[in-house]
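First comes the structure, then the notes that go with it.
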Amino acid sequence: MVRVYTDHPEFLNDLGEVIRLYLPMEEVIPAGNGDTSPLISAVMEENGDTWRAVCTVDIDGVRTEYVYLHPNVDGGELNRKRYRKRCMKIAVFRGLGKVYKDAKLPWGSLTGIRPTRLLRELIAEKGANEAMRFMAEEFDVTAEKLALAKEIVDIQRPFMDVDGRDVDVYIGIPFCRTRCLYCSFASGVRTEKTDMAAYITALKEDMRLGAEIARSCGYKIRSMYMGGGTPTVLTESELEDVLGYALGQYGGFGREFTVEAGRPDTITRKKLEIIKAMGAGRISINPQTMCSRTLELVGRSHTPRDIADCLEMARAVGFESINMDVIAGLPGEGLHDMEHTLSEISGLAPDNLTVHTLAIKRSSRLKQSLGSYELPDGDTVEKMVQLGMEYARSMGMAPYYMYRQKYMSGNLENVGYARPGKVCMYNIDMMEETTSIMAHGAGSMTKRIFDGECRVERIPNPKDVNTYMAKVHTVAGEKRELYSK
């Protein structure tokens with residue numbers, strides 16, 4: 001437990017995120033009288049032309065201080081608040097860095113999930129050279145990660161021309177065949193008792209209402225994406241029903257249509273044929289690992305051979321853009337396991353490869369029984385991620401989107417790679433928050449992008465399936481209000 005004193009309590013959660021870069025499993029609480037747990041103080045002094053953020057750290061018998069100076073900031077109170085928070089986070093990051101000198105934090109003091117979006121904004125504000133200098137010197141981002149972010153920003157540039165009345169459509173199927181050890185999604189396991197008919201009825205009503213809102217507010221469809229959970233946990237007839245209904249309500253899928261076929265143990269040739277017939281040009285077949293013992297350990301009921309068979313079947317059906325996901329840092333795996341996985345995938349020649357870093361989320365079974373599993377250390381996970389990049393490049397792929405999560409091994413990142421012409425536009429739209437999203441299904445998130453104001457407003461669907469079904473019309477009213485602004 002770490003106590004924090006700050007004269008800006010509105011930034012307590014943001015400062016807590018920085019503290020957890022160094023102390024990922026510690027609870028961060030406001031400082032109270034009489035408490036003797038480790039203490040961090042972060043205060044801000046604004047005198048004349050200079051702001052002075054001061055962090056004092058008193059942990060493990062070590063007491064140190066760091067002072068960060070920044071010129072006074074104009075531009076309105078919202079802008080000043082943003083810079084205050086930034087200054088205080090930098091001071092805390094560097095103050096803790098004087099205590100934990102051996103910590104490897106390649107993204108420096110950045111705690112947000114979208115480093116590329118920040119870099120793009122800085123480039124627009126300061127120019128490319130100054131933006132790169134700022135990221136390196138002010139946020140302490142390493143040269144390697146900065147180069148990765150810049151490459152992605154450059155690749156994304158052709159996809160940044162988004163009309164303010166464009167909208168992506170997301171369809172969520174929050175069910176899986178089994179629940180993976182590391183999963184923190186609001187997904188349920190489909191069993192014989194699952195009332196899928198009731199869920200599909202609610203989902204279709206959700207889509208009907210969403211399509212009507214999009215039409216009446218003058219939005220046009222840019223792309224459509226069906227995700228999960230595992231969408232192919234639906235039966236063949238259910239899958240055809242849901243996809244056909246969505247296309248009928250929206251009048252098409254725009255420029256791109258992706259379906260996460262996901263797990264091989266839910267895929268049949270008929271399902272692939274249905275997806276292809278509906279116009280989807282891109283699917284995912286996600287192994288996560290090609291090591292049999294790990295698949296069994298994490299609760300995935302398929303084999304490496306099943307993965308290869310599914311990809312071969314998808315090619316035979318006619319899919320020309322196939323993504324595969326892997327996870328670096330899975331329990332019990334070492335660098336040789338990651339290399340085996342990547343070597344096997346390279347032989348299958350997918351069109352996209354997404355390299356995830358294991359994130360130990362609080363709601364996962366892995367977090368709840370962490371002591372029962374042997375996890376690779378941060379240095380090993382970093383080498384795994386680097387190996388993922390090397391294999392992706394050897395397959396002719398380049399990185400095109402990236403995001404970060406809390407509690408990631410080694411404070412690293414997730415990166416999507418694609419061959420030329422195989423980029424998933426929806427992934428860019430979602431991660432960079434350039435396009436509004438009309439989302440359907442339990443646990444999904446509707447967004448409206450107010451680009452001129454650099455503002456995003458969100459409306460979540462309830463995560464609990466029964467609550468979602470009961471509130472379809474209520475949430476649709478909130479969506480209508482949002483899209484009518």
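The values are calculated or read from the model by the stated rules, or taken from the named source; none is laboratory data. The structure presented is a predicted model; accordingly, all values stated were derived computationally and were not measured. Quick reminder, even Gly has a Cβ in these numbers, built from the backbone with ideal geometry, and neighbours come from all protein chains shown. Only protein heavy atoms, including side chains, enter the accessible area calculation; ligands, DNA and RNA are left aside. Shrake-Rupley method; radii C 1.70, N 1.55, O 1.52, S 1.80 Å.
For the range 405-485, the relative contact order is 18 percent, taking Cα pairs closer than 8 Å that sit 6 or more residues apart in sequence and dividing their mean separation by the residue count.
When the accessible area of the range 50-104 is split by element with a 1.4 Å probe, what percent falls to carbon and sulfur?
Working: 1420 of 2950 Å².
C and S fraction of accessible area: 48 percent.
The candidate values were (i) 47; (ii) 54; (iii) 71; the one computed from these coordinates for percent of Cα pairs over 29 Å apart carries the label (ii). The magnitude of the dipole of the range 261-373, with charges of +1 and -1 set on the Cβ of Lys/Arg and Asp/Glu and taken from the Cα centre, is near 560 debye. Taking amide H as placed 1.01 Å from N in the peptide plane, the amide H of residue 446 sits under 5 Å from that of 439, 459, 461, each at least 5 places away or on another chain.
Counting only helical runs of four or more DSSP H residues, what would the 222 nm mean residue ellipticity of the chain come to if each run contributes -39,500 (n - 2.57) and the total is spread over all its residues? That calculation yields -12500 deg cm²/dmol at 222 nm.
Using a ≥ b ≥ c from the Cα gyration tensor of the range 1-150 (square roots of the eigenvalues), is it rounded, prolate or oblate, where a/c under 1.5 gives rounded and otherwise the larger of a/b and b/c decides, a/b for prolate?
Oblate.
Remark: the Cα gyration tensor places the range 289-367 in the prolate category, a/c being 1.5 or greater and a/b exceeding b/c. Taking the charge dipole of the range 29-102 about its Cα centre, with +1 at Lys and Arg Cβ atoms and -1 at Asp and Glu Cβ atoms, the residue from 76, 87, 62 reaching farthest to the positive side is 76.
Amide H to amide H, with H built 1.01 Å from N, residue 51 comes under 5 Å of 70, 72, counting only residues 5 or more places away or on other chains. Summary value for the range 82-222: 19 percent relative contact order, contacts being C-alpha pairs under 8 angstrom separated by 6+ residues.
Think of the chain as a dipole: +1 on every Lys or Arg Cβ, -1 on every Asp or Glu Cβ, centred on the Cα centre; then among 233, 40, 285, 233 lies furthest on the positive end. Once the C-beta distance of residue 455 and residue 297 is scaled by a Förster radius of 35 Å, the resulting FRET efficiency is 0.20 to the nearest 0.05.
Please give the per residue accessible area of the range 222-275, computed with a probe of 1.4 Å over protein heavy atoms only, in Å². Could you put the intermediate results ahead of the total?
Numbers: 1640 Å² over 54 residues.
Normalised by residue count, the accessible surface of the range 222-275 is 30 Å².
Taking only protein heavy atoms and a 1.4 Å probe, the accessible area of the range 168-281 is 51% carbon and sulfur. Can you pull the percent of the range 352-485's accessible area that's carbon plus sulfur, 1.4 Å probe, other chains left in place? Of the solvent-accessible surface of the range 352-485, carbon and sulfur hold 48 percent. Residues in the range 375-478 average 39 Å² of solvent-accessible surface per residue, probe 1.4 Å, ligands and nucleic acids excluded.
How big is the dipole moment of the range 140-259 about its Cα centre under a simple scheme where the beta carbon of each Lys and Arg is +1, that of each Asp and Glu is -1, and everything else is neutral? Debye, nearest 20, please.
On the way: 14 positive and 18 negative charges, 20 e Å.
It comes to approximately 100 debye.
Normalised per residue, the accessible area of the range 179-218 is 48 Å², obtained with a 1.4 Å probe and no contribution from ligands, DNA or RNA. Charging the Cβ of each Asp and Glu at -1 and of each Lys and Arg at +1, and nothing else, the dipole of the chain about its Cα centre rounds to 660 debye. An oblate overall shape is assigned to the range 121-190, the ratio a/c of its alpha-carbon gyration tensor axes (a ≥ b ≥ c) being 1.5 or greater and a/b not exceeding b/c.
Selection among 437, 304, 106 by position relative to the dipole of the chain gives 437 as farthest towards the positive end (Cβ unit charges, Cα centre).
Ranking request for peptides 437-445, 344-352, 218-226: highest mean number of other beta-carbon atoms within 10 Å first, then the rest in descending order.
Working: 437-445: 23.6, 344-352: 18.4, 218-226: 21.6.
Descending mean neighbour count gives 437-445, 218-226, 344-352.
Holding the Cα-Cα limit at 30 Å, pick out from 276/485; 150/271; 271/383; 85/145; 98/447; 101/447 the pairs that are longer than that. Too far apart for the 30 Å limit: 276/485; 150/271; 271/383; 98/447; 101/447. Once the Cβ-Cβ distance of residue 235 and residue 346 is raised to the sixth power relative to R0 = 35 Å, the FRET efficiency obtained is 0.55. Note: relative contact order over the range 148-227, using C-alpha pairs below 8 Å and six or more positions apart, is 48 percent. Here the range 85-108 and the range 181-259 have alpha carbon centers that stand 42 Å from each other.
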